[in-house]
1. Within region B:72-125, which residues are more than 9 Å from every other protein chain (Cβ to nearest Cβ), open to solvent by 30 Å² or more (accessible area, probe 1.4 Å) and touching a Ser or Thr at 6+ places or on another chain (Cβ under 7 Å)?
2. Among the numbered criteria (1) touching a residue at least 24 places away in the same chain (Cβ under 8 Å); (2) within 25 Å of residue B:78 (Cβ to Cβ), which single criterion is violated by residue A:92?
3. For region B:160-180, name all the residues that are more than 11 Å from every other protein chain (Cβ to nearest Cβ) and open to solvent by 10 Å² or more (accessible area, probe 1.4 Å).
4. Residue A:128 versus (1) more than 8 Å from every other protein chain (Cβ to nearest Cβ); (2) surrounded by 23 or more Cβ atoms within 10 Å (Cβ to Cβ): which is the lone unmet condition?
5. Under the condition of being open to solvent by 10 Å² or more (accessible area, probe 1.4 Å) and touching a Lys or Arg at 6+ places or on another chain (Cβ under 6 Å), which residue from region A:88-116 is farthest from residue A:136 (Cα to Cα)?
6. Yes or no: region B:181-200 includes at least one residue that is assigned to a loop (DSSP other than H, G, I, E, B) and away from every other protein chain (no Cβ under 14 Å).
7. Among the residues of region A:73-84, is any farther than 18 Å from residue A:178 by Cα and within 8 Å of chain B (Cβ to nearest Cβ)?
8. Restricted to region A:42-77, and to residues that are closer than 20 Å to residue A:148 by Cβ and outside any loop (DSSP other than H, G, I, E, B), which residue is most open to solvent (accessible area, probe 1.4 Å)?
Amino acid sequence: MEKHLLSRRRFLGLALTGSAAVALGARLAPGGGIQASDETPTSPYALIIDTTKCTGCGACIEACRLRNHLPEGQSYIHGLLKGDEHVRWYLMVQCQHCANPPCATVCPTHATYVRQDGVVLINEKLCVGCRYCIVACPYQARIFDEERGVADKCWLCLDWVLGGGVPACVQACIPGARIFGRTDDPNSAVSQLIASGRAQPFHPEFGTHPAVLSYIIEG
Amino acid sequence: MQTVWGWLPAIYLFLGGLGAGAFLVAAVIELTNKRYEFDFCAITLVGATIPGPVIALGAVILIFDLGAGLREPWRIAYMLTHFTSAMTWGVWILSLFIPLSFLYGFLEVMDTYPSAWGWVKSRKWARKLTFLHRLPVRRVKRIVARVGSVFAVGTAIYTGVLLSAVGPAMPFWSTWVLPFIPLPILPFLFLVSALSTGVGVTVDVAATLVAPDVYQYIRRLPLIHLAIIGIETLLLGFLLITAFLQGGAAAASARDIVIGPHSIVFWVLIVIPGFVYPFIVHAYAAGLGRHSPASGLGSGIGIVVSGLFLRYLIIVSGIPAVL
């Protein structure tokens, strides 16, 4: 057999090692990021949705749509129908503003980023519209804006929130199922709900550590 | 059903795999010194010239599938910056692999047709480039084959990593190899699928059409083909079985594929043309030492079609975890 630098065996070995390495990298790479502890809030803001009060009226969905000038049928909030034949209820899902967001990990251009205050935003000018973040969000909280060709999602109505106000969805909630407040104020309703353990993150097993959104689901 | 990514991503992932697989076939024949054992090898010629245009076409389709990136193309440069994203890895790998593939194709053509190389060297602009006249085409080609092979494997694997990296969002895509092996199976499945489509287009189609006597020189060809199909069958089987065992959204996806709304595409456009038929053809060929031109072509085309629909089916069968 001729002597050559890359024998069949070596080549196969390289290929297998390489593929194992890359596959291992695939397993290790995403989800690497800030591992927020369950006790320390990573955001001064909290939006708690009390599903025991939510009637599924959809006012939050529509308020969000109008506020953000979205077309008919599109909103940053969507409702999941839950329950069985005895009890039906709605679970309103929007961007959870995670401390460890998969969307930011998979975005190839750094368009999606996490602010210091834990709010996750999209820098439209960097987004190429590959839609990887939309696929990667385990809450399916993102939508694609066909007109501008970019990904889009709940931005917590930051302009109102920074001015001391509340997001549109919270304002619109008729049964008062949405509670918004500051976690750095121990007397706020949100702080007390979080401290009591009644407000819990949605799907904590995803490892995303939602920093702003949590839910009251009882019974 | 997953509706965010549809046909265009399926096509460019498929083209990436096809080009990578074809490159690897040519590179393996070159690096195992089979290339010059007979005067003319259609396999390496096709395997070397197809990847460049095919993967470039895939990249064009990827760009066309973008939203804002299509209208403001300079944004595509930003895609090179975020190394936690499998998409960034892909853009890097393709950016390097595409020129390498074109180079490999060029070198293979020049090596196969010395008169063409003579023509190039005789051009006015080429006469001034003295290094061209001393260029050892075969040696450079072997270097390109080695370096390119690493990128080819990377291209084939990254297409699987792209999907499996979304982790809990799409449980079917992040299905493990086996319930007790914590590695996603898609990168491996897509690597072998890429190899299979590469062998299909080079050996089955090209060799059947142009050099059917290649079987006399590479007697193990049918066995290699059978081995690849066999491994791919195992991996596809593991994907579906492990997904079933995982339960939840992954099991729902697997059910949709095997017995649900996607089952016709699965059995008629993937399993039969890409696995069953080529297996029969090459099992016969292993015994007889050759196969008829029709079955060779049929097997090759079947494998390529199957590869495309496999990517498409896996993409659209994804069911989000949160529903």
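1. Answer for region B:72-125, where residues must be more than 9 Å from every other protein chain (Cβ to nearest Cβ), open to solvent by 30 Å² or more (accessible area, probe 1.4 Å) and touching a Ser or Thr at 6+ places or on another chain (Cβ under 7 Å): B:93, B:109.
2. (2)
3. Our first condition is that a residue be more than 11 Å from every other protein chain (Cβ to nearest Cβ); within region B:160-180, this holds for B:172, B:175, B:178-180.
Scanning region B:160-180 gives B:178, B:179, B:180.
4. Here residue A:128 meets the rest and fails (1).
5. A:89
6. no
7. The answer is no, given that none of the residues of region A:73-84 is farther than 18 Å from residue A:178 by Cα and within 8 Å of chain B (Cβ to nearest Cβ).
8. Looking only at region A:42-77, we keep the residues that are closer than 20 Å to residue A:148 by Cβ, and these are A:64-77.
Still in the list and also outside any loop (DSSP other than H, G, I, E, B): A:64-67.
Details: A:64: 12, A:65: 32, A:66: 106, A:67: 54 Å².
Only one residue tops the list, namely A:66.
The values are calculated or read from the model by the stated rules, or taken from the named source; none is laboratory data. In this text, all values refer to a predicted model and were calculated from it rather than measured experimentally. Backbone-built Cβ (ideal geometry, glycine too); neighbour counts: all protein chains shown. The protein model used for the area step is the full one, side chains on, heavy atoms only, and it has no ligands, DNA or RNA in it. Shrake-Rupley method; radii C 1.70, N 1.55, O 1.52, S 1.80 Å.
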